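K.L.:
Mind looking over this structure? Questions follow.
The values are calculated or read from the model by the stated rules, or taken from the named source; none is laboratory data. The structure displayed is predicted, hence computed values, not measured ones. Virtual Cβ from ideal backbone geometry, glycine too; neighbours counted across all protein chains shown. With ligands, DNA and RNA removed, areas are computed over all heavy atoms of the protein, side chains included. Shrake-Rupley method; radii C 1.70, N 1.55, O 1.52, S 1.80 Å.
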Amino acid sequence: MTEQNSSGRIRPRPPWGVGGPPGAGSGRRRKPPARRRRLAILLSGVAAVLVLGGAGLGYVYVKLDGNIKGVDINAQLGAERPDDVDNGSMDILVLGSDSRSGDNAEYGKDEGGARSDTAMVVHVYEGHKKASVVSVPRDTLVDRPRCADEKGTSVPGETRAMFNTAYEVGGPACAVKTVEAMSGIRMDHYIEVDFTSFKKLIDELGGVEITTTRPIKDTKSHLDLAPGTHTLDGEQSLGLVRTRKSVGDGSDLGRIQLQQAFMKAFIDQVKDVGVFTNPAKLLDLADAATKAITPDSELDSVQELMGFAKGLSGIGPRNIHMITLPVEYDPADPNRVVPLEAQSRQVWTALRKDAPIPASATTDAATGKADGVVK
């Protein structure tokens with residue numbers, strides 16, 4: 001039997017009942033054929049989708065499947081990509097944009113095309129029990145390759161381009177191609193998370209508990225927290241991951257450190273909230289999660305997302321190693337950063353070999369000086 005989702009695409013109706021699809025948790029890497037906000041928002045796409053993998057959702061398949069709007073990037077990427085090394089690992093580009101259009105307009109002026117505000121490469125190791133996350137600062141100067149935009153129009157490459165312009169000029173596929181050119185690693189999947197939906201997801205979760213070691217008062221992100229333990233609602237969580245000027249050295253690197261700490265707290269909350277024994281809670285979270293993310297076309301159904309999520313369900317916050325791409329402030333422009341060549345090479349080589357990132361890779365790298373502000 002078949003059914004038609006909201007995008008008009010015909011998809012086979014799932015044969016299972018309320019128990020979920022059999023074998024969805026194999027976690028095996030699939031060879032692939034030849035879009036919204038900061039780190040916590042972005043990685044929340046990966047973590048939030050975990051709620052899809054813990055219980056049977058066959059009875060709400062049609063509702064949840066209709067929430068998912070995928071993006072097909074493979075045709076735009078073409079054949080000039082790194083080899084797909086099938087060693088049991090998985091690499092995912094988690095990306096968000098700083099678009100201020102639509103429901104996001106309350107957070108600032110829409111100045112044109114959206115840019116990727118923060119990007120992360122999530123490397124899931126063979127066995128899917130641990131992961132490394134490499135945050136790529138939005139202001140990193142890179143050699144952006146020539147790519148095709150969402151209409152198929154060729155976009156010329158550029159040297160010393162800000163990393164976040166790749167998404168602006170060419171959309172998701174250009175961002176993926178830029179990351180692949182930087183790292184030499186083929187991305188198996190792409191996930192983007194919506195700005196406004198992030199707040200709703202946190203509220204459905206019941207908030208996220210974090211501890212601040214210093215006061216945080218930021219007029220731009222509208223966040224005012226005294227030192228101590230707080231349960232942040234969606235609006236406060238969004239404020240935290242947008243905070244920059246009031247922590248560390250005021251740079252985007254410091255904001256990334258806040259975001260990484262928040263992300264670990266978020267994953268803990270998802271695993272401990274007890275949604276798997278509360279069907280109503282599970283449905284609300286799954287509804288919010290599927291509305292929040294825009295995955296690639298290989299993950300744009302409930303069945304595919306459940307298999308993906310179950311493959312990641314064994315990874316907890318203590319099994320995630322998070323770093324920022326080793327960079328230094330650009331001598332020609334202190335508002336930009338450039339990769340430290342040798343250290344960056346160490347990072348990408350380790351991930352290509354499915355090996356841990358060596359501690360020496362972050363030696364002498366700029367940090368943002370906000371480590372430990374949020375626990």
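K.L.:
Taking the Cα centre of the range 165-293 as the origin and placing charges on Cβ (Lys, Arg +1; Asp, Glu -1), which of LEU282, ILE210, GLY254 is farthest toward the positive end of the dipole?
P.N.:
GLY254
K.L.:
I've got another one for you. So if I take the centroid of the Cα atoms in the range 144-199 and the same for the range 310-375, what is the distance between those two points in Å?
P.N.:
What the calculation gives is 20 Å, centre to centre.
K.L.:
Another one. Between LYS220 and LYS245, what is the label-to-label distance in nm when each label sits 7 Å out along the Cα-to-Cβ direction?
P.N.:
The answer from the label model is 0.6 nm.
K.L.:
Let me ask another. Under 8 Å for C-alpha pairs, at least 6 residues apart: give me the relative contact order for the range 139-239, rounded to a whole percent.
P.N.:
In percent, rounded to a whole number, it is 19.
K.L.:
Something else now. So who's got an amide H within less than 5 Å of the one on VAL337, skipping anything under 5 residues away but keeping other chains? H placed 1.01 Å off N, in plane.
P.N.:
THR140, LEU141, ASP330
K.L.:
Let me cross-check MET187: its accessible surface, 1.4 Å probe, with only protein heavy atoms counted, in Å² to the nearest 10?
P.N.:
10
K.L.:
Tell me the carbon and sulfur percent of the accessible area for the range 200-268, rounded to whole percent, probe radius 1.4 Å.
P.N.:
That share works out to 46 percent.
K.L.:
List every residue whose amide H lies under 5 Å from the amide H of GLU158, counting only residues 5 or more places away in sequence or on a different chain, with H placed 1.01 Å from N in the peptide plane.
P.N.:
ARG144
K.L.:
In what order, largest first, do THR159, THR153 sit by accessible area if the probe radius is 1.4 Å?
P.N.:
Accessible-area ranking of THR159, THR153, largest first: THR159, THR153.
K.L.:
Given the pairs LYS199/LYS353; LYS63/LYS199; LYS220/LYS310; LYS69/LYS281; LYS200/LYS245; LYS63/LYS200, which are separated by over 27 angstrom at their Cα positions?
P.N.:
Flagged as over cut-off: LYS199/LYS353; LYS220/LYS310.
K.L.:
Enter the accessible area per residue of the range 247-340 (Å², integer; probe 1.4 Å; all protein chains in place).
P.N.:
Per-residue value: 35 Å².
K.L.:
Residue-wise, which Karplus ³J(HN,Hα) couplings in Hz belong to the range 154-164, taking 6.51 cos²θ - 1.76 cosθ + 1.60, θ = phi - 60°, and x for glycine or proline?
P.N.:
Using θ = phi - 60°, the values come out as 6, 10, x, x, 8, 8, 6, 8, 5, 3, 6 Hz.
K.L.:
Using θ = phi - 60° and the Karplus form 6.51 cos²θ - 1.76 cosθ + 1.60, what ³J(HN,Hα) does each residue of the range 306-313 get, whole Hz, x for Gly and Pro?
P.N.:
Whole-Hz 3J(HN,Hα) from phi for the range 306-313: 5, x, 4, 5, 5, x, 9, 5.
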